[in-house]
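Asker: The following block contains the structure, expressed as structure tokens.
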Amino acid sequence: MITLRGILAPVVTTFDARGELDLDAFGGNIQAHLSAGVCGVVVAGSTGEAALLDEGERVALIERARRELPKDRALLAGTGAESSRATIVRTRAAAQAGADGVLVVAPHYYGDQMTPDALVAHYSRVADASPIPVLLYTIPKYMHFAMAPEVVATLSRHENIVGMKDSSGDAALFERYLELQSETFRVLTGSGVLFSEALRFGAHGGILAVALFAPTLSFDVWSARQRGDEEAAQRAQARLTPLAARIVGGMGVAGVKAALDCVGLSGGEPRSPLRPIAAAARVLIEELLLEAELASVA
């Protein structure tokens, strides 16, 4: 079983000046995230520019992450694709490369045809074929639809589907997902803005891009909730929210990478066609980090 509790880091994919993988920078970031206390990492997720990676690069990233991670830290890999067949191929390759589990975003190119029956059939087929546990992943910002709680309810009973990440940012919908939790199915939030509230409602943790560059503040929220200290949790969340909303939510991957550069980790530029942030946006990131009392080394 994968330990799905606490904060997992959805790591960025680092590129060199030629736009090729920089695996040493990638490994260095992972070591920094581990030192900060994350319980695991997610490779080739949305923040990792999964849609812009080829299959060999995905495997190389998983293999390097496996080398960096001790056995007691979870390694999840994003393996969602538009066809069930391709998802299964990616999932098996991820398992062979050392992943402990896979995070599978719903197919969404033919969004209006992703009916409840189609989604249940897709995920069931993937989970049946996967040699490692499967987590559902819903992110309406990119999928352009939210996974219905009824679909999640059915899939949560599959013996090889162990949880889900919800990045909808919809507190009411998230509460409905939480009602489906059990001993064998756990729900994690992908929203740094709602992190404290999600934990208060009963989430087991989060897969948070904001924790890549603001880990101490993210863990302040987590620790306060574990202690039952409502006031401390609210204070920490108030400092975390602008970073999550304006950098992660407002600027996307390029903003997250710039923020990593600002705190002394490896960010760099995203892969084309994504564009690096403008100079004015970088200044704003530095200001936000300083306002949150986080050290900037830019």
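Asker: Given the residues 6, 80, 56, which is the only one that is free of Cβ contacts under 8 Å to residues at least 60 places away in the same chain, over 19 Å from residue 263 (Cβ atoms), in contact with a Phe, Trp or Tyr (Cβ under 7 Å, 6 or more places away or on another chain) and not charged (D, E, K, R)?
Answerer: Selected residue: 80, the only one of 6, 80, 56 that is free of Cβ contacts under 8 Å to residues at least 60 places away in the same chain, over 19 Å from residue 263 (Cβ atoms), in contact with a Phe, Trp or Tyr (Cβ under 7 Å, 6 or more places away or on another chain) and not charged (D, E, K, R).
Asker: Let me ask another. So how many residues does segment 180-196 have that are closer than 23 Å to residue 288 by Cα and touching a residue at least 40 places away in the same chain (Cβ under 8 Å)?
Answerer: Total meeting the criteria: 6.
Asker: May I pose another question? Only one of 245, 224, 279 is more than 30 Å from residue 24 (Cβ to Cβ) and over 16 Å from the mean Cα position of the chain (by Cα). Can you tell me which?
Answerer: 224
Asker: Taking residue 119 as the residue in question, decide whether it is modelled with pLDDT of 95 or more, assigned to a helix (DSSP H, G or I) and over 30 Å from residue 215 (Cβ atoms).
Answerer: Yes, satisfied.
Asker: Moving on. So, in segment 287-298, exactly how many residues are part of a helix (DSSP H, G or I), touching a residue at least 24 places away in the same chain (Cβ under 8 Å) and either of a type in the set (A, V, I, L, M, F, W, C) or buried (at least 19 other Cβ atoms within 10 Å of the Cβ) (or both)?
Answerer: The number of residues fulfilling the criteria is 2.
Asker: Here's a follow-up. Which residues, taken from segment 217-241, are loosely packed, with under 15 Cβ neighbours inside 10 Å and either touching a strand residue (DSSP E or B) at 6+ places or on another chain (Cβ under 7 Å) or closer than 13 Å to residue 292 by Cβ (or both)?
Answerer: Selection gives 238 alone.
Asker: Quick one: in segment 254-279, of everything that is out of contact with any Lys or Arg (no Cβ under 9 Å at 6 or more places or on another chain), of a type in the set (D, E, K, R) and in a loop (DSSP other than H, G, I, E, B), which residue is surrounded by the fewest Cβ atoms within 10 Å (Cβ to Cβ)?
Answerer: If we take residues in segment 254-279 being out of contact with any Lys or Arg (no Cβ under 9 Å at 6 or more places or on another chain), of a type in the set (D, E, K, R) and in a loop (DSSP other than H, G, I, E, B), then 275 is surrounded by the fewest Cβ atoms within 10 Å (Cβ to Cβ).
The values are calculated or read from the model by the stated rules, or taken from the named source; none is laboratory data. As the structure is a prediction and not an experimental result, all values here were calculated from the model. For neighbour counting, all protein chains shown are included, and Cβ atoms are generated from backbone atoms with ideal geometry for every residue, glycine included.
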